[in-house]
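Notes to accompany the following structure.
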Amino acid sequence: MKIDPWSSTTYQDYTRLRDEFGIEEFTEKHWKDLLKHHKLLRRGVVFGHRDFQIIHDAVKKKKPWAILTGLMPSGKMHLGHKMVIDEVIYYQSIGADIFVAVADIEAFATRGYSLKETEEFALNEYIPNYVALGLKPEKCHIYFQSKNQDVKDLAYILGKKVNWSQMLATYGFNGSNNMAHIFSPLIQTGDILHVQLEKYGGIKPTLVPVGVDQDPHIRLSRDIAQSHRLYNVTLTKDNKIGVFVKVDENIEKLLDKAEKTLNSLNFTKLKRITKYKAIYIKDAEEKDIQIINNTLSKIEPKFGGYGFLQPSATFHRFITGLTGEKMSSSKPESAIFLTDSPKQSTKKIMNAKTGGAVSLEAQKKEGGKPDECVVYELFLYHLIENDNELHEIYTSCKNGEKMCGHCKKYAAQLMEKLLIDLQEKRNTSKSKIKQYLL
């Protein structure tokens with residue numbers, strides 16, 4: 001199975017994706033005890049994660065943490081894009097420091113847009129909608145890849161520990177790919193990791209909420225972050241917790257610092273073997289690895305390292321396009337754009353693919369299939385907040401009590417209200433954009 005960040009593939013077998021790429025299942029235990037619950041979390045739209053526990057712990061302990069997300073300024077903003085910013089706004093409400101990368105370098109390299117065109121898309125289409133949807137300027141930083149020197153410097157410097165074989169295995173590049181395209185994943189790594197530089201608040205857990213098609217970027221960023229660490233904290237084959245120095249300079253000083261840090265964390269049964277560049281912790285358990293790793297990471301900048309924590313990620317399901325394919329800016333009939341008029345959105349919804357039976361009589365007898373219905377997805381992802389109401393629509397459809405025409409009309413009414421509200425808020429949002437830009 002192959003994941004391509006630049007394809008228009010629609011992924012359906014999310015369980016297989018989790019199994020094949022080592023993505024962990026995202027369940028109720030990950031969000032249940034947070035102060036607020038977002039519908040995308042509790043309804044299973046977010047289906048997988050990498051290291052969300054470190055984010056969960058930061059939220060619960062009110063420690064600093066960050067969100068890094070990006071926008072591809074290569075077309076009009078549609079409901080699929082809205083889903084991501086809905087998550088980001090939720091995370092902002094529970095304490096995240098928000099960073100939004102305008103992926104103009106990637107759009108230039110992979111979509112053929114000029115930097116001027118991408119700037120216009122971002123300033124006139126995406127960012128006004130972000131503000132209208134409720135993104136707050138406090139602790140929010142929106143920047144352009146092409147204008148952020150820290151991101152570009154990191155992309156070049158961190159790329160030293162990535163070889164061509166790894167890029168081929170991760171992305172499947174071939175002889176036809178231009179070098180800007182090949183370099184763009186390293187720019188994304190710069191996006192994801194630069195938020196942990198001292199200039200941006202220092203080392204902290206970072207969450208990247210994405211669709212599963214972006215997992216190659218997550219894996220690359222995690223590999224690069226780990227490869228630049230000076231310490232490695234791990235469970236050894238004989239079930240001991242070991243701290244290992246990964247470099248050949250300042251070994252004794254790094255071990256001295258680690259030993260002092262471990263004592264401060266109340267680990268006292270230590271066995272140091274300098275020639276192995278190791279400290280074994282006899283009174284630590286596997287559950288302690290995270291706190292040890294996080295604490296040691298803050299030492300590393302003093303020795304010329306970065307100390308980057310591996311970024312975490314959540315993965316969400318794609319919303320199906322109105323035609324049954326992937327929702328795409330390049331296929332207007334498949335998408336509802338946030339700048340569509342109510343008349344346009346109503347026409348699209350009334351023509352949308354549903355999970356209804358072949359006839360009214362058959363649907364009353366056999367019931368509909370809401371799990372295969374695009375209109376039900378509009379309710380699930382965007383239009384209905386109340387879970388009880390959503391459940392009533394689902395069961396009524398399954399039982400043959402509710403017909404597709406009724407749901408389409410209701411969805412059109414709710415969508416009209418959403419779009420009119422956004423339009424009113426967009427009218428004032430452009431004047432506020434400077435508050436968000438780095």
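Do we have Lys204 as assigned to a loop (DSSP other than H, G, I, E, B) and in contact (Cβ under 8 Å) with a residue 24 or more places away in the chain here?
yes
Please give the helices (runs of 4 or more DSSP H) falling wholly within the stretch 350-438 in which 3 or more residues are crowded, with 17+ Cβ neighbours inside 10 Å and touching a Pro at 6+ places or on another chain (Cβ under 8 Å).
The qualifying helices (runs of 4 or more DSSP H) are 387-398, 404-429.
Can you tell me which residues in the stretch 267-282 are within 25 Å of Gln310 (Cα to Cα) and either assigned to a helix (DSSP H, G or I) or of a type in the set (Asp, Glu) (or both)?
Tyr276
With respect to Lys60, determine if the residue is among the charged types (D, E, K, R) and in a loop (DSSP other than H, G, I, E, B).
no
Could you tell me whether any residue of the stretch 235-250 is surrounded by 14 or more Cβ atoms within 10 Å (Cβ to Cβ), in contact (Cβ under 8 Å) with a residue 40 or more places away in the chain and part of a helix (DSSP H, G or I)?
No, the conditions are met nowhere in the stretch 235-250.
Please find, within the stretch 90-112, the residue that is surrounded by the most Cβ atoms within 10 Å (Cβ to Cβ) out of those that are in contact with a His (Cβ under 7 Å, 6 or more places away or on another chain) and among the aromatic types (Phe, Trp, Tyr).
Looking at the filtered set, the residue picked out is Phe99.
Val102 versus (1) farther than 30 Å from Asn177 by Cβ; (2) at pLDDT 95 or above: which is the lone unmet condition?
(1) is the only condition that Val102 fails.
Mind checking which residues of the stretch 333-375 are modelled with pLDDT under 95 and aromatic (Phe, Trp, Tyr)?
The answer is none; no residue qualifies.
Just to verify a result, which residue in the stretch 313-330, among those that are assigned to a strand (DSSP E or B) and modelled with pLDDT of 90 or more, is farthest from His217 (Cα to Cα)?
Taking the candidates together, the pick is Thr320.
When the stretch 205-253 is examined, which residues are found to be farther than 24 Å from Phe267 by Cα and among the small types (Gly, Ala, Ser)?
Listed by number, the residues that qualify are Gly211, Ser221, Ala225, Ser227.
Enumerate the pairs (first residue in the stretch 37-48 and surrounded by fewer than 20 Cβ atoms within 10 Å (Cβ to Cβ); second residue anywhere and part of a helix (DSSP H, G or I) and of a type in the set (Lys, Arg)) with beta-carbon separation below 8 Å, excluding pairs fewer than 6 apart on the same chain, so at least 6 apart or on different chains.
Phe47/Arg18
Regarding Lys147, is this residue farther than 30 Å from Leu419 by Cα and among the basic types (Lys, Arg)?
yes
Is it the case that some residue within the stretch 73-81 is surrounded by 21 or more Cβ atoms within 10 Å (Cβ to Cβ), in a helix (DSSP H, G or I) and under 12 Å from the mean Cα position of the chain (by Cα)?
Yes, there is a match, as at least one residue in the stretch 73-81 is surrounded by 21 or more Cβ atoms within 10 Å (Cβ to Cβ), in a helix (DSSP H, G or I) and under 12 Å from the mean Cα position of the chain (by Cα).
Residue by residue, here is whether (1) under 22 Å from the mean Cα position of the chain (by Cα); (2) among the hydroxyl-bearing types (Ser, Thr, Tyr) holds:
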{"site": "Thr170", "(1), (2)": "yes, yes"}
{"site": "Asp191", "(1), (2)": "yes, no"}
{"site": "Gly211", "(1), (2)": "yes, no"}
{"site": "Asp215", "(1), (2)": "yes, no"}
{"site": "Tyr231", "(1), (2)": "no, yes"}
{"site": "Asp248", "(1), (2)": "no, no"}
{"site": "Lys253", "(1), (2)": "no, no"}
{"site": "Ala258", "(1), (2)": "no, no"}
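Might you let me know whether the stretch 264-284 holds any residue that is within 30 Å of Phe26 (Cα to Cα), in the same structural domain as Thr236 (by TED's automatic domain parsing) and touching a residue at least 40 places away in the same chain (Cβ under 8 Å)?
For the stretch 264-284, residues within 30 Å of Phe26 (Cα to Cα), in the same structural domain as Thr236 (by TED's automatic domain parsing) and touching a residue at least 40 places away in the same chain (Cβ under 8 Å): present.
Can you pull out the residues in the stretch 263-283 that are touching a helix residue (DSSP H, G or I) at 6+ places or on another chain (Cβ under 7 Å) and either over 20 Å from Lys298 (Cβ atoms) or among the aliphatic types (A, V, I, L, M) (or both)?
Of everything in the stretch 263-283, those that are touching a helix residue (DSSP H, G or I) at 6+ places or on another chain (Cβ under 7 Å) and either over 20 Å from Lys298 (Cβ atoms) or among the aliphatic types (A, V, I, L, M) (or both) turn out to be Leu265, Leu270, Arg272, Thr274, Ile279, Ile281.
Residue under question is Ile127, and the condition is that it be within 25 Å of Ile203 (Cβ to Cβ), of a type in the set (Val, Ile, Thr) and either at pLDDT 95 or above or in a loop (DSSP other than H, G, I, E, B) (or both); does it hold?
No: the conditions fail for Ile127.
If we scan the stretch 266-274, do we find a residue that is over 27 Å from the mean Cα position of the chain (by Cα), modelled with pLDDT of 95 or more, within 30 Å of Ala96 (Cα to Cα) and surrounded by fewer than 16 Cβ atoms within 10 Å (Cβ to Cβ)?
So far as the stretch 266-274 goes, yes, one or more of its residues are over 27 Å from the mean Cα position of the chain (by Cα), modelled with pLDDT of 95 or more, within 30 Å of Ala96 (Cα to Cα) and surrounded by fewer than 16 Cβ atoms within 10 Å (Cβ to Cβ).
The values are calculated or read from the model by the stated rules, or taken from the named source; none is laboratory data. None of the values given here were measured: they were computed from a predicted structure. Reconstructed Cβ throughout: ideal geometry from the backbone, glycine too, with neighbour counts over all protein chains shown.
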